[in-house]
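The values are calculated or read from the model by the stated rules, or taken from the named source; none is laboratory data. Computed from a predicted model, the values in this text were never measured in an experiment. Quick reminder, even Gly has a Cβ in these numbers, built from the backbone with ideal geometry, and neighbours come from all protein chains shown. Side chains are part of the model used for accessible areas, which takes the heavy atoms of the whole protein and leaves out ligands, DNA and RNA. Shrake-Rupley method; radii C 1.70, N 1.55, O 1.52, S 1.80 Å.
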Amino acid sequence: MKILERLATRSAGFRRGLRGCLSVWLLSGGVALAQQVPVGEHTLPNGMKMLLVERHDEPTVSGAFVVHAGSANERPGITGIAHLFEHMMFKGTPTIGTKDAKRDLEIIAEQEQVRDQMRQEEHKMRAEWRRGDITDLQKPENQTARYRELEAQFKQLVEAQREELVKNEFDRIYTSEGASGMNAFTHYDMTAYFITVPANKLELWMWMESERLLHPVFREFYAERDVVFEERRMRTESTPLGKFEEEFNSMFWEALPYHWPIVGWASDIPAISKAEADQFYATYYAPQNITLILVGDFKPETALAEATRYFGRIPHGKVDAPDVVTLEPRQEAEKRMNAEAETNPQVDILWHTVPFGHKDSYALEVLAQLLSTRTGRLYKGLVLGREVATDTFARQESRHWAGLFNAGGEAREGHAPTEVEQAIYDELDKLKETPVPAEELQKVKNNFAAAEYRKLSSNSAILFQLIFNDGFGDWHEINEAGKKIQAVTAEDVQRVAKTYFTKENRAVAIYLRKASTEPEDPLLAGLSAEQKAQLKPQLERLKTATDVEKLRAGLASMEQHAAQAPAEAKPMIEVLKKKLLERIAELEKAPKN
Amino acid sequence: MHTFTLRSLALSSLVSTLGLAAFAAATDTAAIPDRPEKLHFPPLVYEPPNPADYRVELKAGPVAYVVPDHELPLINLALYVRTGQYVEPADKVGVSELAGYLLARGGTESMTAEELEEKLDFLAAQLNSGIGETQGSVSLNLLAKDLDTGLDILREVLTKPRFQADKIKLHQEQLLQAMKQRNDDSADIEEREQGFLAFGEKFWANRYPTAASVGGITRDDLRAFHHQWFHPANFVVAVSGDFDREAMVAKLETLFADRPFQGEKSPAIPTNTTFAAPAVYLVDKDVNQGRVTVMLPGVLRDDPEYFAIAVMNRILGGGGFTSRIMNRVRSDEGLAYSAYSSFQGGVYYPQPFEAGFQSKSRTVAYATSIVLEEMKRIATEPVTDEELETEKRSLIDTFPRAFATKAQVAARFADDEFTGRFAKNPTYWKTYRDKVAAVTKDDVLRVAKEHLTPDRVAILVVGQKDQILLGYPSHPVKLTDLAGGKLVDVPLRDPLTMQPMTK
């Protein structure tokens, strides 16, 4: 039950995560080694699609359903609803999760009446906020008296409901039947629910998943909404870069609904109502908008028959989900964000590129790979060559409605992020000016080709590739993308480099370390801010200095001139002397190179 | 002819549609039950693989687990090495990290680092190396056709690493950059301080590389460290993939034969841990969500009651959504996204019990009080039959997942060899499910009472001190009411020296 926002928000952890997670489809390729995943495709009478991959390595079946709706299907005011809704899908059905379905629904209705009144108070509180009477809507002391009264009433109804609840029964059933890895994620383009069951319990999966799609009950809605807000605090608000990445993402996408975060704006999450969630379900969770996927130890004909029986019960939706019609307007000018954060100085650059399945997406993926890894051009050019960075990355991300290219790096001590930025542009300029040598292109293609095999290493690896390919637009790409990548030429790479990597097509985030979070050495405590600033670069250099003789000479010269130094500089000189002596002692203790 | 083709196509699709419809209609007559308990499942018979079937004692020294798997033309080889941070000299903290990282990335006698990486990358081969607290590892994943080339490279990496000077300097700078981030993320601060509370300031695992220690490490240090520990008597091997068993054994003999240098047998891992005195330990950090860990002294994984402890922990907080802490802190109260407990037995020294969550500053104290309440409840009242059955069946029925792929089979057995479990208990996996099945409600209550002792609790909190101490108006509990009312302010550590900082 997580947001796959990390697919789009580019934190350091996410970069690793993305490589791990998306490499399975980004790296699918290989004419020479073409390895087809034998996928059986079927459509149930109600329009629900089903993909089956039979594999008998282990006695389990990994199953998923992908809903073709994510945060890009929201609107301002209900941002975060696709994700909150995903959480609600684990709350049960009329027979799972309660001892008394009728009483349960009555209490939910009563709760909604109280909540309607609370929403009126929230309306007043927002008005107070606009007038400047209060500044923080999350602060409990800012709630109106009436709101607190209503909240106490609501709490009583929650306690009444708890009498009838069977806590987290949906999960308990699966757990006690040996299922594992039950989870779900929400992305801009899709929401997916997945689990692995023992091979003899495929029918349990059919029962559980079809029941919750057929008649979910959204009980404990408001406690779960609070859980989601804690998830937002955990991932976005209390991490060093979370808030900045959210802002940068929002700045990059002008018109497309990728503009808001998957988890939702802080103002919207606590305002989403159960009625809005009901409506979202009715619009987007219809069979014609869902794909079932099974990978593992089963007989396809049995699985298809059972799926028809179980999922076939769900009526075809009366109307199809509305299309996203907005097209991102062409960006006319470079955008820049200058941030000070608790982080090492670094640069993050985004360019508008192409969506999933676009004919240029394959050349852009090859280009990303040419720039990536320790034998790639960014590492060689920026880390080893110009020595302006200690780490770099590059990736193409093709989503359903649009795509982006992302590159960046961490600045080396003594270098500014803008130097890293310029060095990245210089590498891209080389790609624009000169076709990639044949051997270098082949090296990259060999890696795509080997990934054709690596992607088949486990049921869950195959399952996730199918989830993403289907969710982004076409599951066939699991078998087709590889060939298209092998067909990319040096001219293609040169052409896409020229087309997409222009100044007006990019957004740049420059991160500097926030001054107050500079690591503080206890020895510096007695110095003025100005003195600290003066001393720090010298102390930094000292840490990596290795020439004892030079250090001794420096010490001697300092001692000579100490007498003439102004009184206020004395503490600073003392600190420096102490540090010099420490470093000399340390170097002398260490064996020589 | 044209018409016929169309008709036959139409006909065949009609037949298949009818066939499906008929089949669906036939099964439809069996009504779908209203509860999943009414479903009937065929039995699932599963026997875990037997380590003896794959175990080979190589003449060259190491024990290898050799698991052929012809599904894909890939080979995965992993080498586990008896070394780690624990053997670092006190004035060379960081040498294992540098040596481990640079072994596969710093070149060899005949190849520069750049040549080595280019050669591997052109073959799409993945060579990695690293050294952790108590284990080093070197792994190679490549296409089966490149096996001989790959093993030649691996032999050179293992015996004649270059530790190229510019790569040492670069990685020292990368480590320095990473150090500077030590206080940026509250999760990193929490993880580090958990270690100090669980094992004590003086314990070897709490020695952190500093700017000075890393800066002082030389190429000679790396070579000495490598020569001392990287020799066959300290290796265990796991290999799986597309090869013939006998041929692979012969290749491994060649790989490890005629070592050019003699090393040392690795010493025992020191176990002199000390657990923190009971108190609330608070690190002030300006983030709007506090991170909390409730800690208690732990156990070894060889503890005779370990299976009862594992079941107890799953009921309390280790079983995800079926566990009590998750139900109360998250699901009932909406106070946290993640809420858990963990009671992993240590391999070499006890790993602590931990229960934790992240909650907005104002509700930190209230959520902590709920966790303590649940710890107390499970130590005083028997769990329900349903709770016990759910967690036991889960452990038993998910058991086959432990051996889901051939690579996992090889890795798991090699790990047992490495950590001494195979020598001590060769039928550990064969009897695993029986040991789970034998756990009773009395066992759960007894181990909870023995280990979840409220008077020994150390609580670590990382977050906005003022807001956290303020509490929440409708939940009157205060942080200072917990853990005997003792509150210890824990200063942040200077990221480059790891010395406590003054404000």
For this session: At most 10 other Cβ atoms within 10 Å and a DSSP loop assignment: could you name the trypsin sites (Lys or Arg not before Pro) in the stretch A:339-437 that fit?
Result: A:K359
Exercise. Roughly how many percent of the accessible protein surface of the stretch A:335-513 is carbon and sulfur, given a 1.4 Å probe and a whole-percent answer?
Worked result: 50
For this session: Take peptides B:486-496, B:230-240 and line them up by average Cβ neighbours within 10 Å, highest first, as a rough protection proxy.
Result: B:230-240, B:486-496
Problem set entry | Average other protein chain Cβ within 10 Å of Cβ, residues B:211-223 | 4
Problem set entry | Cβ-Cβ FRET estimate between B:E389 and A:T43, R0 fixed at 51 Å, reported to 0.05 | 0.80
For this session: Return the loop-located chymotrypsin sites (Phe, Trp or Tyr not before Pro) in the stretch B:257-295 (DSSP other than H, G, I, E, B) with at most 13 other Cβ atoms within 10 Å of their own Cβ; answer none if there are none.
Result: B:F261
Exercise. Between B:I269 and residues 5 or more places away or on another chain, which pairs have amide H atoms under 5 Å apart, with H built 1.01 Å from N, and which residues are they?
Worked result: none
Problem set entry | Residue-averaged [θ]222 nm for chain A, counting only DSSP H segments that reach four residues, each worth -39500 (n - 2.57) | -15000 deg cm²/dmol
Problem set entry | Label-reachable residues, the stretch A:415-435, where backbone N falls under 19 Å from a point 7 Å from A:E340's Cα toward its Cβ | A:415-418
Exercise. Taking the highest mean first, how do the peptides A:323-334, B:88-99, A:573-584 order by number of other beta carbon atoms within 10 angstrom per residue?
Worked result: B:88-99, A:573-584, A:323-334
Exercise. So for the protein assembly as shown: antiparallel DSSP bridges make up what percent, rounded to the nearest 5?
Worked result: 75
Problem set entry | Long-range HN-HN contacts of A:M337 with modeled amide H, under 5 Å | A:V508, A:A509, A:I510
Seminar exercise, completed: Rounded to a whole number, the mean other protein chain Cβ count within 10 angstrom for residues of A:195-206 is 4
Problem set entry | Label point distance in nm, A:H215-B:T112, each placed 7 Å from Cα along Cα→Cβ | 7.2
Seminar exercise, completed: Rounded to 0.05, the calculated FRET efficiency for the beta carbons of A:Q113 and B:Y348 at R₀ = 41 Å is 0.10
Exercise. What GluC sites (Glu not before Pro) does the stretch B:159-229 have in DSSP loop regions with at most 14 other beta carbons within 10 Å?
Worked result: B:E201
For this session: Take A:K124, B:K406 and sort them by solvent-accessible surface of the protein heavy atoms, 1.4 Å probe, largest at the top.
Result: A:K124, B:K406
For this session: For every helix of n ≥ 4 consecutive DSSP H residues, a contribution of -39,500 (n - 2.57) applies; sum these over chain B, divide by its total residues, and give [θ] at 222 nm rounded to the nearest 500 deg cm²/dmol.
Result: -12000 deg cm²/dmol
Problem set entry | Estimated FRET transfer efficiency when R0 is 22 angstrom, pair B:D455-B:N272 (beta carbons, to 0.05) | 0.40
Exercise. To the nearest 10 degrees, how steeply does helix A:529-544 sit against the main Cα axis of chain A, on a 0 to 90 scale?
Worked result: 90
Seminar exercise, completed: Per residue of A:234-243, other chain Cβ atoms within 10 Å number on average 5
Exercise. Where the accessible area of the stretch B:279-489 is counted over protein heavy atoms with a 1.4 Å probe, how much of it, in %, is carbon and sulfur?
Worked result: 51
Problem set entry | Surrounding net charge for A:A553, when Lys and Arg each add one and Asp and Glu each subtract one, Cβ distance under 14 Å | +1
Problem set entry | A:W401, A:W205, ranked by accessible area, largest first (probe 1.4 Å) | A:W401, A:W205
Exercise. For chain A, what is the relative contact order in percent, using Cα pairs closer than 8 Å and at least 6 residues apart in sequence?
Worked result: 22
Problem set entry | Folded to 0 to 90 degrees: helix A:459-472 orientation relative to chain A principal axis, Cα | 90
Problem set entry | Full-extension gain in nm, B:D166 to B:I396, via 0.36 nm per residue minus C-alpha separation | 77.6 nm
Exercise. Taking a ≥ b ≥ c as the square roots of the eigenvalues of the Cα gyration tensor of the stretch A:98-165, is the shape rounded (a/c under 1.5), prolate (a/b larger than b/c) or oblate?
Worked result: prolate
Exercise. Using a ≥ b ≥ c from the Cα gyration tensor of chain A (square roots of the eigenvalues), is it rounded, prolate or oblate, where a/c under 1.5 gives rounded and otherwise the larger of a/b and b/c decides, a/b for prolate?
Worked result: oblate
Exercise. Say a paramagnetic label sat at a point 7 Å from the Cα of B:V488, along Cα to Cβ; which residues of the stretch B:450-482 have their backbone N under 15 Å from it?
Worked result: B:456-462
Seminar exercise, completed: Percent antiparallel among DSSP beta bridges confined to chain B, nearest 5, equals 75
For this session: Give me the distance between the Cα centres of the stretch B:422-486 and the stretch A:341-393, rounded to whole Å.
Result: 44
Exercise. Could you give the length gained on full extension between A:D547 and A:R313, defined as 0.36 nm per residue of separation minus the Cα-Cα distance, in nm?
Worked result: 76.4 nm
Problem set entry | Per-residue ³J(HN,Hα) for the stretch A:43-52, Karplus 6.51 cos²θ - 1.76 cosθ + 1.60, θ = phi - 60°, Hz, x for Gly and Pro | 10, 6, x, 7, x, 6, 8, 9, 10, 10
Exercise. Mind checking the angle between helix A:438-454 and chain A's longest principal axis? C-alpha axes, 0 to 90 degrees, to the nearest 10.
Worked result: 40
Exercise. What net charge is computed for the residues neighbouring B:E109, neighbours being all others with C-beta under 9 Å from the C-beta of B:E109, Lys and Arg scored +1, Asp and Glu -1?
Worked result: +1
Seminar exercise, completed: Reported to the nearest 10 Å², B:T273 has, with a 1.4 Å probe, an accessible area equal to 40
Seminar exercise, completed: Residue span B:K251 to B:R223: 0.36 nm per residue of separation minus Cα-Cα distance leaves a gain in nm of 7.5 nm
Problem set entry | Average accessible surface area per residue within chain A, 1.4 Å rolling probe, Å² | 39
Seminar exercise, completed: The relative contact order of the stretch B:113-204, taking Cα pairs under 8 Å that sit 6 or more residues apart, comes to a percentage of 17
Exercise. Put a dot 7 Å past each Cα toward the Cβ at A:T283 and A:V325; how far apart are the dots in nm?
Worked result: 1.4
Exercise. Based on the alpha-carbon gyration tensor of the stretch A:335-513 and its eigenvalue square roots a ≥ b ≥ c, which shape applies: rounded if a/c is under 1.5, prolate if not and a/b is larger than b/c, or oblate?
Worked result: prolate
Problem set entry | Long-range amide H partners of A:T79 with built H, under 5 Å | A:W265
